[in-house]
Structure formats: C-alpha cells, structure tokens
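Step one of this worksheet: look at the structure below.
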Amino acid sequence: MKYRNLIAVALIVGSLGAVALLFVFALGMRRSHQPTTPLTVAAERGDAAQVKKLIAAGVDLNERDHAGYTALVWAARNGSTEVAKALIAARADMNARDCAVNGWTPLIHAIHKNNSEMARLLIDGGADVNAKAGKCTDKLIESGATALLYAAGEDNTEVVAALLAKGANPHIEYNSSTALSKAVAGALDLSRPDDKQCPTATVKALLAHAPDLTLKGDIWDRKSLFVARHKGCTEMVKLLEERKSILAAKAVASN
C-alpha cells in the first residue's frame, strides 16, 4: 500500500525520525542529487531502523526522488549494507535505474563507488549482472555499459570474478570496447596506486573465463598496450600475446 500523505506515514511509523523527515519537505528541499522522499532520505543517511519502519508502513520501495534515485541506489552509492539488505529482503527492484544523469543500476553505482562489499551483496542477491545503463523515459532503454565493463575499467578483480561467476557476458561491447579492452586501458590511468598500475589480475580473470577475448586494435587499444609495455606490465602483455588476444592490435599497428 502506498502512502502519499507524509503525515500518515509519520503517524504510522511513529518515530521522531519520520517527523524530522517532514521538516525536510516543509523546507522545500529540491536541490539536485539530494534525497527527497522519506525512504530515500533514510536510505541516504544509512538509517536501517528507519528504513525498516517505512517498509513496514507500506511505502513504495522503488519510488524515485527528485534526484532520480531509488532508496536502493542511495544505499548502493553510500555503502549502507544494512539498508540494502532490508530493501532486498522486502523485494525492492534491484535493477531499477536512476533517472538522474547516467541511468545506472544500483550494482553499477556500487562499482562506481568502489564498494565491493555492496556489489557482492547485490550480485549474490540476484541483481541482473548483464543489465546495461539506460535512459529513464516512459520505457527504460538500455544503451550503456554493463556492470562488468565498469568493474573491469576500475580494475576490480574481485567484482569481475563475482560477475563472471554469475553469468556476466564478457563479450558485450559499449563504444566498441569489451571488458578486456576496458581492463587493459587501466594502464593509462597514472593516478592509480603502484599495485594497480598493471591490471594483470583482472585481465587474467577475464581470459580464464573467455579465452577468445581479443583487443580490436583501435587507437585506444594500441595506446593502452604501448603504455602498458612502457610501464613494465610484462606479465599482462605476455599473457595477452600467449592467448593471441592482441593479434588484432598488432595487425592494425602494422598497417
């Protein structure tokens, strides 16, 4: 049952937290990327107890606030695992994309925030590992990257392995890039810590799961390989060569 009247929600929940939420609305909070519903405010704050009370009160678990986020998106972004567990247990939509800028699922938000624990929680909870980012219109249109592409690009080997184990498709492309090319491109990010300069472990995980993955050999692949060699990512480059994963790149480079 949905409660559009915030007063009714506060009375049913019967807590100072719910009353405080009313003041948020009374002050006309309409700033971008701020929670503006009782549930999203509680989720953004990481208030699991309040979230559970609102769930029991029958609020819409998948309602988006003025920022375009659902409560689960807020929980995923902020790493609020207890809030996420409560929402998942109550059967919130784990694949509901935000209607803000990117159209990301909660899983992609968790990966973007480098929150592996949250990502694993969503993956193990049944999130669609092949769901793409998309535009939020009358009908959600899938047009973006998958969680695996984001995880590979972030060199998050743990999440990459978890996604592959749950059936993530490593051959899905976005802007002509696969998860492998996204991973190798990580060598271009000089701001990463020393132990992340060479995304070898992620490349290993991808090739172990899909030995037929190859780099297309476009300008970005060639640039990534050039930098990887220059930085001394010998093991990764050797692995790609052994698996014949950079033949395309060599062919393009020789033309």
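Coordinate-derived values only; no laboratory data. Note that the structure is a prediction, hence the values are computed from the model and not measured. Cβ: placed from backbone, ideal geometry, glycine included. Neighbour counts: every protein chain shown.
Report the local net charge at Ser224: Lys and Arg +1, Asp and Glu -1, summed over other residues whose C-beta lies under 12 Å from its C-beta.
On the way: positive: Lys182, Lys216, Arg222, Lys223, Arg229, Lys231; negative: Asp189, Asp218, Asp221.
Residues close to Ser224 contribute a combined charge of +3.
Determine which lysines satisfy two conditions relative to Lys216: a Cα distance under 28 Å, and not lying fewer than 8 residues away in the same chain.
The qualifying lysines are Lys132, Lys135, Lys166, Lys182, Lys196, Lys204, Lys231, Lys238, Lys244, Lys250.
Show me the ranking of peptides 157-167, 64-74 by mean Cβ neighbours inside 10 Å, starting with the highest. Show your work: numbers first, answer last.
Values: 157-167: 20.4, 64-74: 25.6.
Listed from highest to lowest mean packing, they are 64-74, 157-167.
Go through region 96-112 residue by residue and turn each phi into a ³J(HN,Hα) via Karplus (6.51, -1.76, 1.60, θ = phi - 60°); whole Hz please, and just put x for glycine and proline.
5, 6, 6, 10, 8, 9, 9, x, 8, 7, x, 4, 5, 4, 4, 5, 4
Skipping prolines and chain starts, which residues have an amide H placed within reach, meaning under 5 Å, of the one on Asn156, given they are 5 or more residues away or on another chain?
For Asn156, whose amide H was placed from the backbone, there are no distant partners under 5 Å.
Evaluate E = 1/(1 + (r/R0)^6) for Glu173 and Glu242, where r is the Cβ-Cβ distance and R0 equals 22 Å; express this FRET efficiency to the nearest 0.05.
Taking R0 as 22 Å, the efficiency between Glu173 and Glu242 is 0.40.
If I stretch the segment between Lys135 and Asp212 completely, what's the gain in nm (0.36 nm per residue apart, minus their alpha carbon distance), one decimal?
Gain on extension, Lys135 to Asp212, equals 24.6 nm.
List every residue whose amide H lies under 5 Å from the amide H of Ala96, counting only residues 5 or more places away in sequence or on a different chain, with H placed 1.01 Å from N in the peptide plane.
Those lying under 5 Å, H to H, from Ala96: there are none.
Please work out how much length the chain gains when fully extended from Ala56 to Lys85, using 0.36 nm per residue of separation minus the C-alpha to C-alpha distance, in nm with one decimal.
9.0 nm
Between Asn95 and Asp195, what FRET efficiency follows from the Cβ-Cβ distance if R0 is 30 Å, with the result rounded to 0.05?
0.35
Counting only residues 5 or more places away or on other chains, whose amide H sits under 5 Å from the amide H of Tyr69 once H atoms are built in the peptide plane?
Amide H neighbours of Tyr69, under 5 Å, 5+ apart: Cys99.
At 0.692 mPa s and 37 °C, plugging the Kirkwood radius over alpha-carbon pairs of region 32-135 into Stokes-Einstein gives what diffusion coefficient in µm²/s?
After rounding, the answer is 253 µm²/s.
Bin by bin, in steps of 5 Å, what percent of the Cα pairs in region 87-182 do you find, going until the bin that has the longest distance?
Final binned percentages: 3, 15, 27, 25, 20, 8, 2, 0.
Just to check I understand the Karplus step: with θ = phi - 60° and J = 6.51 cos²θ - 1.76 cosθ + 1.60, what whole-Hz values come out for region 81-94, glycine and proline as x?
Ordered by residue, 3J(HN,Hα) equals 5, 5, 5, 4, 4, 5, 5, 5, 4, 7, 6, 5, 6, 6 Hz.
Taking θ as phi - 60°, what are the ³J(HN,Hα) couplings along region 172-188 by the Karplus curve (6.51, -1.76, 1.60), each to the nearest whole Hz, with x for Gly and Pro?
5, 10, 9, 6, 6, 10, 9, 4, 5, 5, 5, 5, 4, 5, x, 5, 6
Stretch Lys113-Ile219 to full length: gain in nm at 0.36 nm per residue minus the Cα-Cα span?
35.3 nm
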